[in-house]
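Inspection log for the structure reproduced underneath, given as structure tokens.
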Amino acid sequence: MIKLLGRLAVTDAGGRAIKVRAARQQAILAVLVLCQDEVITIDRLVSELWQDEPPVTAKESLRTYVYRLRRALSPLAADGVDLVTVGNGYTLAVPDRAVDVRAFESAVAKGVDALTEGDARLAAAMLRGALAVWRGPVAPEIDVELVCDERRRLDDLHVTARELYVEAELRLGHHNRAIPELERLVEAHPLREASWGMLLRALAARGRRAEALAAYRRLRAVLSAELGVEPADELRRQHQAILKGEVGSMR
């Protein structure tokens, strides 16, 4: 019911949109959703909403925003959503199943566990589900410090989830399915050596030796130009294995 991946959106259980119009109401909602089970003080919310010099009326304005936000969310009360005043702050009670960020993180965690336990099929399914939830970076229209920090953290987790999903597919032998996704990953994140390593493995496993060697040269050129370094030892070993035709020794 509360979507933060991509632009903020709130719907009731029947899928009808609930409008949270004011930018500062949206920011308050995002902060409370992202700070699960925390009481966010009025002072902290003021510092988030007015990052420079808050006006003398900031706390009064904040209480008005919270009042209006509580009214906007009132149709969700029957589904367990409740904006609660606790002492000198607020907390938002909302079921995990109703927040896309929590669904995403939970599915990624289950995928990681499955991969660690050697169940590549379950890992692929869980990570595929997590990636299906992703609509984009966290609330890009909201520019407050906490939301920006969470946006960066979850962007990193999203890329990691993509890499882990591909790893699961490779363990299942689905190299042809993995290669296009790996090409997209290294194009978008050229300094992530883990993605390059999987690309080398996948290409070599399909007998595409020349393409694997070309990919290594691309990686080496990028690292040299951007960081002035050589690929990591593991990647250099992969490169040597491909040169020698020892594909079976690559991990």
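Please list, by residue number, every one of the GluC sites (Glu not before Pro) in the range 141-174 that is coil in DSSP and has at most 15 other beta-carbon atoms within 10 Å. Show your work: numbers first, answer last.
On the way: sites: 141, 145, 150, 163, 167, 169; in loops: 141.
Qualifying residues, ordered by number: 141.
Once the other residues with Cβ under 12 Å from the Cβ of residue 13 are scored (Lys, Arg +1; Asp, Glu -1), what is the net sum?
On the way: positive: 16, 97; negative: 12, 79.
Combined, the nearby Lys, Arg, Asp and Glu give 0.
Using Cα pairs under 8 angstrom and six or more residues apart, how large is the relative contact order of the range 127-224, in percent?
Working: 72 pairs, mean separation 19.7, N = 98.
Contact order relative to length: 20 percent.
Measuring from label point to label point, each 7 Å out along Cα→Cβ, what is the residue 155 to residue 208 span in nm?
2.8 nm
So what is the diffusion coefficient of the range 135-251 in µm² per second by Stokes-Einstein at 25 °C and 0.890 mPa s, using a Kirkwood Rh over Cα pairs?
On the way: Rh = 15.3 Å.
Estimated diffusion coefficient is 160 µm²/s.
For the Cα atoms of the chain, what angle does the longest principal axis make with the long axis of helix 100-116, in degrees from 0 to 90, nearest 10?
Taking the Cα atoms of the chain, the angle to 100-116 is about 30 degrees.
So what is the calculated 222 nm ellipticity per residue for the chain, using -39500 (n - 2.57) for each DSSP H run with n of 4 or more, over all residues, to the nearest 500 deg cm²/dmol? Could the numbers behind the result be given before it?
Values: 10 runs with 150 residues, N = 251.
Helix-only estimate at 222 nm: -19500 deg cm²/dmol.
Given the range 43-141, what whole percent of its Cα pairs are spread farther than 18 Å?
Numbers: 3132 of 4851 pairs.
Here the long-distance tail beyond 18 Å is 65 percent of all Cα pairs in the range 43-141.
Work out how much length residue 97 to residue 119 would gain on full extension: take 0.36 nm times their residue separation and subtract the Cα-Cα distance, in nm to one decimal. Write out the running numbers ahead of the final one.
On the way: separation 22, 0.36 × 22 = 7.92 nm, distance 2.46 nm.
Stretched out fully, the residue 97 to residue 119 stretch lengthens by 5.5 nm.
If you count the DSSP beta bridges with both ends in the chain, what percent of them are antiparallel, to the nearest 5?
Numbers: 11 of 13 bridges.
Among the beta bridges of the chain, antiparallel pairing accounts for roughly 85 percent.
May I ask you to compute the full-extension gain from residue 43 to residue 71, defined as 0.36 nm times their residue separation minus their alpha-carbon distance, rounded to one decimal in nm?
7.9 nm
Can you tell me the length gained on complete extension of the stretch residue 12 to residue 188, counting 0.36 nm per residue apart and subtracting the Cα distance?
Working: separation 176, 0.36 × 176 = 63.36 nm, distance 3.54 nm.
This chain segment gains 59.8 nm when fully extended.
Taking R0 as 35 Å, what FRET efficiency do you get between residue 226 and residue 246 from their Cβ-Cβ distance, rounded to the nearest 0.05?
Details: r = 29 Å, r/R0 = 0.84.
Rounded to the nearest 0.05, the efficiency is 0.75.
In whole Å, what is the distance between the alpha-carbon centres of the range 73-116 and the range 1-70?
After rounding, the separation between the Cα centres reads 15 Å.
Amide H neighbours of residue 18 under 5 Å, at least 5 residues apart or on other chains, H built in the peptide plane: list them.
Amide H neighbours of residue 18: 10, 11, 12.
Just to confirm, what accessible area per residue do you get for the chain at 1.4 Å probe, in whole Å²?
Numbers: 12970 Å² over 251 residues.
For the chain, the per-residue accessible area is 52 Å².
Which entry in (i) 17.5, 54; (ii) 22.8, 72; (iii) 21.2, 78 matches Rg and Dmax of the Cα atoms in Å derived from the coordinates of this structure?
(ii)
For helix 58-73, what angle does its Cα long axis make with the longest principal axis of the chain, in degrees from 0 to 90 and rounded to 10?
80 degrees
Quick one: go through the range 53-90 and flag any residue whose amide nitrogen is under 16 Å from the point 7 Å out along the Cα-to-Cβ line of residue 145.
Under 16 Å, as judged by backbone N against the label point of residue 145, lie 53-55 of the range 53-90.
Would you work out the relative contact order for the chain, in percent, from Cα pairs under 8 angstrom that are 6 or more residues apart? Can you show the working numbers first?
On the way: 310 pairs, mean separation 39.7, N = 251.
Relative contact order for the chain comes out at 16 percent.
In degrees from 0 to 90, rounded to the nearest 10, what is the angle of the helix 23-34 Cα long axis to the longest principal axis of the chain?
60 degrees
How much of the accessible area of the range 134-251, probe 1.4 Å, is carbon plus sulfur, in whole percent?
Values: 2950 of 6120 Å².
Solvent-exposed carbon and sulfur of the range 134-251 make up 48 percent of the total.
The values are calculated or read from the model by the stated rules, or taken from the named source; none is laboratory data. Just so we're clear, the structure is a prediction, and the values are computed from it rather than from any experiment. Note that each Cβ is placed from the backbone with ideal geometry, even for glycine, and that neighbours are counted across all protein chains shown. Just the protein is used for accessible areas: all its heavy atoms, side chains included, with ligands, DNA and RNA removed. Shrake-Rupley method; radii C 1.70, N 1.55, O 1.52, S 1.80 Å.
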